[in-house]
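*Asks:* Could you have a look at this structure, given as structure tokens, before my questions?
The values are calculated or read from the model by the stated rules, or taken from the named source; none is laboratory data. Everything quoted here is computed from the prediction, not taken from an experiment. So basically every Cβ, Gly included, is an ideal-geometry build from the backbone, and we count neighbours across all protein chains shown. Keep in mind that these areas ignore ligands, DNA and RNA; they rest on the heavy atoms of the full protein, side chains included. Shrake-Rupley method; radii C 1.70, N 1.55, O 1.52, S 1.80 Å.
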Amino acid sequence: MNTTANYHPPPSSQPPFSDSDLDSDSDSENFQVGSDLSNSIFKTYLEFSSSSSSSSSSITAVDLSKIQSFLTSSSSGALSCLICLERIRPSDPTWSCSSLCFALFHLLCIQSWARQSSDLSAARAAARLPITAETAAKQATWNCPKCRSSYSKSEIPRCYLCFCGKLRDPPSDNPWILPHSCGEICNRPLPNNCGHFCLLLCHPGPCPSCPKSVKARCFCGSVEGFRRCGFKNFSCNKLCKKRLDCNKHNCSEICHPGTCPPCRARETYRCRCGKKEEEKDCCDRDYRCENECKKLLNCGKHVCERGCHGGDCGECPLQGNRTCPCGKRIYEGMPCDGVAPVCGATCNKLLNCGFHRCPERCHKGPCVETCRTMVKKACRCGGLKKEVPCYQDLSCERKCLRMRDCGRHACKRRCCDGDCPPCSEVCDKRLRCKNHKCPAPCHRGVCAPCPIMVTISCACSETHFEVPCGTEMDHKPPKCRKLCKITPLCRHASTSKPHRCHYGACPPCRAPCEEEYPCGHKCNLRCHGPRPPPNPEFTLKPKKKKSNHQTECTPGTPCPPCPELVWRPCVGEHFGAERMMVCSNTTRFSCDNLCGNLLPCGNHYCTKTCHPLETQPSSSGHQIRSESCEVCNLPCQKVRMPKCSHPCPLPCHPGECPPCKVLVKRSCHCGAMVHAFECIHYNNLSEKDQVAARSCGGPCHRKLPNCTHLCPEICHVDKCPAPDKCSKKVTVRCKCQTLKKEWICQDVQAAYRDTGNDPKDIPKNQFGLGLLPCNSDCKSKVQEVESALQLRKPKVLEKKEPENEKHGPKRRKRRDRIQEGKQVSRFQEFVATMKRLLLFIIIVAALIAVTYYSYKGLLQLSDWMNEVELQRAKQRRSRF
């Protein structure tokens, strides 16, 4: 019974579309039918799965993706046969793979493909295996062209069946039934052998997972709940805690399928023999050490030579009946510590070759490993026969010239036994898709179809289908009912009408621009803002010509200049000089008034005719530079604060004058030192501070008016205090300077005043002279001095007389001339010094030259000796 015979698609609420979408409604009729088919096919499954589990929606989408892709391809007419690369029409008989790929093929194409593949497989098996041609033909197999799944020869399709295999020759004229489908419920057993059946209508591709709800436990068995039958095996994401094989520890892994991993708990365990302890994993607790057992056997004479083992060591192997090494003679009743003698017969044990026996006498130990018996052998290909030792293989160097299974390449293996291996070369033939080459090993017959499927999608990639490689140029992209995801770049993005997914550029915006100018007015034209970059046109194979690369954003036409009328002032912004102008007209005009702007100095005004200001805001809001006002060249006439006699060195300027940094020289009060002060610093001091600053801090250094002494006070202002009370000591003498005494200076001044003399008029060298009266001692002292002077006068004249003589003896004149000749001038001394320096430089240069050429000669001598040695070595080699 056809469950879709009376089915009518429910009206779907569609979003509003723009006018550009109305023209494509007639072209999308087939697509609407395809979407209705998918709804009808998935209706029962979706209803059951939605009531089973709330988390089944994402799993359902994955399960149904293969069927949905087939429906999209079918509705777009993009189904193609992978063998012939032709389009599969709804009326064409088909066959679909039921193993892995579920690909759809023409029935005739797959039949031809299966017969050729099975015949080739049978011929290859008959040539390589020892079976008859009939047996090889019965056992021959063929593979799916896409997934290479193997099918027997009896499975070659012979009739046209629907997808579920229940109806032969399904109808193709019903638009509400999927092509190549019977329209009934699929009812095929679901995967994983859960016992349920597929609830979808007859469909291509694999059946989805079972949607029924069953009660299931997690892998570890700690959590139980209802889950979908197709996904009843699940993990609770908790610790497994199953008992491990050691029966001591629990599994510490997260809930997992299958058996638990080996126990990895670390502990210390003994080996089997109990001699060694090591820390090992619990799963490796039963281990054997590397030492021998060496326990004493029950015979009490030998030790166990076995490796580490558990349990008893067993009986001594040398007890009981013993044989000679070759085993021909038996010795009874021998003790275990006795040595069995050799029998003297031929060993005759079978050697490793399996054909010959040991020719030596009975001996201890193993026989020879290599059989050296000379035998006549043939190589693998039979082209060489030769006597060689038995252990040695024989092979020739002849290359096999037989053709391999591919029929294109020779075997070329050396000494081939006739069973040539399959061809190892890559086929590399151009496939029918003309895009790829066959990657399979070299083979006979037709190459397998190109397994690559090309996805063709709409611009947003929401609607897509797959087509075989090589047929993509014959199909158009699917019609997508989704909305275009490209966001408009103009200012009307929030209010623009949506449109469907498309290739190429989006339709232009038709709303008014209303963009605000910088001046504050709005543009009244239709929207001409930037447009988003268009989607590239649908091409799967890019052309070899240069493609036009789109920029990130295609800018639209800018708004025209503002046409509004506004009042504009002159460049000098004088009152009463405005004019009516277009807002976008930035032409500036000048009136005939004086500028009158305050100059930068802040003291005078500009006397130029009206001109633009140095920085004036334009209509766009930016500052524009223009002609500046005149420069004030007058000197600064401001009065400095604090007042000083120095003028300001700067030209006329705004603000306060800089501090006066001129150095002012002021001597100290005593005149011994001159101070230099900055004018601003000195004038900012008070009178008291100025007096203190000018003081040098030392003695006064001024002479007292009545005596020859200096003022004893610290450097001070005004006259020195108490000049009549000088307390310095003065040496007082008599007139003949024979007598002398020390008086205080103020007493000397009083003595002079008593005699009627003013101390100021007394010279410094006569100060205190004549104040003491002379006595008798003074007269005798004068006589002695005069006599001494008389005695000195003739001696002085005698010494001067020989010097004043003009004529001396001839010997003295000659000596004087020799001494004058010996005197050397400065120029001669300079010349002599230069000669010595030049001689020193010449000697140093000569030493350097001698050292350099000596070193160079030694190097050349060494090179010559090395060459001589090399020649001698060559001669010795040539002799031998």
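*Asks:* For the subset of the stretch 629-687 comprising residues that are among the hydroxyl-bearing types (S, T, Y) and in contact with a helix residue (DSSP H, G or I) (Cβ under 9 Å, 6 or more places away or on another chain), which member is nearest to G697 (Cα to Cα)?
*Replies:* S667
*Asks:* Still on this structure, please answer the following. For the stretch 305-334, give me the residue count where each residue is part of a loop (DSSP other than H, G, I, E, B) and open to solvent by 70 Å² or more (accessible area, probe 1.4 Å).
*Replies:* Within the stretch 305-334, residues that are part of a loop (DSSP other than H, G, I, E, B) and open to solvent by 70 Å² or more (accessible area, probe 1.4 Å) number 11.
*Asks:* Looking at the stretch 167-175, is at least one residue touching a strand residue (DSSP E or B) at 6+ places or on another chain (Cβ under 9 Å), within 24 Å of S73 (Cα to Cα), among the hydrophobic types (A, V, I, L, M, F, W, C) and open to solvent by less than 60 Å² (accessible area, probe 1.4 Å)?
*Replies:* no
*Asks:* Of the residues in the stretch 98-116, how many are open to solvent by 30 Å² or more (accessible area, probe 1.4 Å) and touching a strand residue (DSSP E or B) at 6+ places or on another chain (Cβ under 6 Å)?
*Replies:* Counting residues in the stretch 98-116 that are open to solvent by 30 Å² or more (accessible area, probe 1.4 Å) and touching a strand residue (DSSP E or B) at 6+ places or on another chain (Cβ under 6 Å) gives 1.
*Asks:* Determine whether P477 is at pLDDT below 85, open to solvent by less than 20 Å² (accessible area, probe 1.4 Å) and of a type outside the set (G, A, S). Steps first, answer last, please.
*Replies:* On the way: at pLDDT below 85: yes; open to solvent by less than 20 Å² (accessible area, probe 1.4 Å): no; of a type outside the set (G, A, S): yes.
No.
*Asks:* Check the stretch 234-241 and report whether any residue there is closer than 30 Å to F197 by Cα, part of a loop (DSSP other than H, G, I, E, B), open to solvent by 30 Å² or more (accessible area, probe 1.4 Å) and at pLDDT 85 or above.
*Replies:* yes
*Asks:* Starting from the stretch 317-341, take each residue that is farther than 25 Å from L351 by Cβ and list its partners that are hydroxyl-bearing (S, T, Y), counting only C-beta distances under 8 angstrom and pairs at least six apart or across chains.
*Replies:* As it stands, the answer is N321/Y331; Y331/T323, since those pairs meet every condition given.
*Asks:* Still on this structure, I have one more. Residues of the stretch 187-206 being more than 22 Å from W176 (Cβ to Cβ) and within 50 Å of the chain's Cα centre (by Cα), which ones?
*Replies:* Within the stretch 187-206, P191, N192, P206 qualify.
*Asks:* Looking at the stretch 705-722, I want the residues that are on the phi > 0 side of the Ramachandran plot and have a partner that is open to solvent by less than 90 Å² (accessible area, probe 1.4 Å) and of a type in the set (G, A, S) with Cβ atoms under 8 Å, at least 6 apart or on another chain. Which pairs are those?
*Replies:* Hits for this filter: zero, empty list.
*Asks:* Identify, from the list S235, S209, the residue that is in contact (Cβ under 8 Å) with a residue 12 or more places away in the chain, within 46 Å of the chain's Cα centre (by Cα) and within 27 Å of W95 (Cα to Cα).
*Replies:* Of the residues listed, the single one that is in contact (Cβ under 8 Å) with a residue 12 or more places away in the chain, within 46 Å of the chain's Cα centre (by Cα) and within 27 Å of W95 (Cα to Cα) is S209.
*Asks:* Name the pairs: first residue in the stretch 680-703 and over 19 Å from S645 (Cβ atoms), second residue among the charged types (D, E, K, R) and outside any helix (DSSP H, G or I), Cβ to Cβ under 7 Å, at least 6 apart or on different chains?
*Replies:* As it stands, the answer is C700/E713, since those pairs meet every condition given.
*Asks:* Something else: Among the residues of the stretch 645-656, what is the count of those that are modelled with pLDDT of 85 or more and open to solvent by less than 40 Å² (accessible area, probe 1.4 Å)?
*Replies:* Result for the stretch 645-656: 2.
*Asks:* Can you tell me which residue within the stretch 860-880, out of those that are at pLDDT below 85 and among the small types (G, A, S), is surrounded by the most Cβ atoms within 10 Å (Cβ to Cβ)?
*Replies:* Filtering first and then ranking leaves A873.
*Asks:* Kindly provide the set of residues from the stretch 560-603 that are part of a strand (DSSP E or B), more than 30 Å from E656 (Cβ to Cβ) and open to solvent by 40 Å² or more (accessible area, probe 1.4 Å), ordered by number.
*Replies:* Hits for the stretch 560-603 are L565, W567, R568, R579, M580, V582.
*Asks:* Any idea which residue in the stretch 277-309 is farthest from N250 (Cα to Cα), counting only those that are in contact (Cβ under 8 Å) with a residue 24 or more places away in the chain and basic (K, R)?
*Replies:* K301
*Asks:* Something else now. I'm checking my understanding of the structure. Among residues of the stretch 698-714 that are aliphatic (A, V, I, L, M) and open to solvent by 50 Å² or more (accessible area, probe 1.4 Å), which one is farthest from R753 (Cα to Cα)? Walk me through how you get there before you give the answer.
*Replies:* Start the filter on the stretch 698-714 by keeping residues that are aliphatic (A, V, I, L, M), which leaves 704, 710, 714.
In the following step, the residues that additionally are open to solvent by 50 Å² or more (accessible area, probe 1.4 Å) were identified as 710, 714.
Numbers: L710: 20, I714: 29 Å.
Looking at residues that are aliphatic (A, V, I, L, M) and open to solvent by 50 Å² or more (accessible area, probe 1.4 Å), I get I714.
*Asks:* If you don't mind, another one. Kindly indicate whether any position in the stretch 274-288 is over 59 Å from the mean Cα position of the chain (by Cα) and surrounded by 15 or more Cβ atoms within 10 Å (Cβ to Cβ). Step through it out loud before you land on a result.
*Replies:* Here is the first cut: in the stretch 274-288, the residues over 59 Å from the mean Cα position of the chain (by Cα) are none.
Scanning the stretch 274-288, I find no residue that is over 59 Å from the mean Cα position of the chain (by Cα) and surrounded by 15 or more Cβ atoms within 10 Å (Cβ to Cβ), so the answer is no.
*Asks:* Same structure again: Would you mind finding the one in V717, V664, V730, V748 that is of a type in the set (V, I, T), surrounded by 12 or more Cβ atoms within 10 Å (Cβ to Cβ) and closer than 30 Å to K643 by Cβ? Explain how you work it out, then say what you get.
*Replies:* Working: V717 fails: surrounded by 12 or more Cβ atoms within 10 Å (Cβ to Cβ); V730 fails: closer than 30 Å to K643 by Cβ; V748 fails: closer than 30 Å to K643 by Cβ.
Checking each option against the conditions leaves just V664.
*Asks:* Which condition number does W95 fail, the rest of (1) surrounded by 21 or more Cβ atoms within 10 Å (Cβ to Cβ); (2) under 50 Å from the mean Cα position of the chain (by Cα); (3) modelled with pLDDT of 75 or more; (4) not acidic (D, E) being met?
*Replies:* (2)
*Asks:* Can you pull out every residue in the stretch 191-206 that is within 22 Å of K232 (Cα to Cα) and open to solvent by less than 10 Å² (accessible area, probe 1.4 Å)?
*Replies:* Scanning the stretch 191-206 gives C198, L200.
*Asks:* What residue, among those in the stretch 404-433 that are modelled with pLDDT of 85 or more and either at positive phi or not in a loop (DSSP other than H, G, I, E, B) (or both), is surrounded by the most Cβ atoms within 10 Å (Cβ to Cβ)?
*Replies:* The residue in question is C415.
*Asks:* Does any residue in the stretch 134-149 that is of a type in the set (K, R) come within less than 8 Å, Cβ to Cβ, of a residue that is in a helix (DSSP H, G or I) and surrounded by 13 or more Cβ atoms within 10 Å (Cβ to Cβ) six or more places away or on a different chain, and which pairs are these?
*Replies:* Matching pairs, first to second residue: K138/K153.
*Asks:* Look through the stretch 434-469, keep the residues that are in a loop (DSSP other than H, G, I, E, B) and among the small types (G, A, S), and return whichever of them is nearest to S80 (Cα to Cα).
*Replies:* At the first step, the residues of the stretch 434-469 found to be in a loop (DSSP other than H, G, I, E, B) are 434-436, 438-440, 442-452, 458-463, 469.
Okay, now just the ones that are also among the small types (G, A, S), so 440, 445, 448, 459, 461.
Working: A440: 23, G445: 22, A448: 16, A459: 22, S461: 21 Å.
The qualifying residue nearest to S80 (Cα to Cα) is A448.
*Asks:* Please name all residue pairs, on different chains or six or more residues apart, with Cβ atoms under 9 Å, provided the first residue is in the stretch 352-370 and is free of Cβ contacts under 8 Å to residues at least 40 places away in the same chain and the second residue is assigned to a strand (DSSP E or B) and charged (D, E, K, R).
*Replies:* If the second residue must be assigned to a strand (DSSP E or B) and charged (D, E, K, R), the pairs left are C367/R357.
*Asks:* Residue check: is A136 surrounded by 14 or more Cβ atoms within 10 Å (Cβ to Cβ), within 18 Å of V446 (Cβ to Cβ) and at pLDDT below 90?
*Replies:* For A136, the condition - surrounded by 14 or more Cβ atoms within 10 Å (Cβ to Cβ), within 18 Å of V446 (Cβ to Cβ) and at pLDDT below 90 - is not met.
*Asks:* Considering every residue within the stretch 541-549, establish whether at least one is at pLDDT 65 or above, assigned to a loop (DSSP other than H, G, I, E, B) and on the phi < 0 side of the Ramachandran plot. Show your work before the answer.
*Replies:* So the first thing to find is which residues in the stretch 541-549 are at pLDDT 65 or above, and the list is none.
For the stretch 541-549, residues at pLDDT 65 or above, assigned to a loop (DSSP other than H, G, I, E, B) and on the phi < 0 side of the Ramachandran plot: absent.
*Asks:* So how many residues does the stretch 289-304 have that are over 52 Å from the mean Cα position of the chain (by Cα), assigned to a loop (DSSP other than H, G, I, E, B), surrounded by 12 or more Cβ atoms within 10 Å (Cβ to Cβ) and not basic (K, R)?
*Replies:* Selection size over the stretch 289-304: 7.
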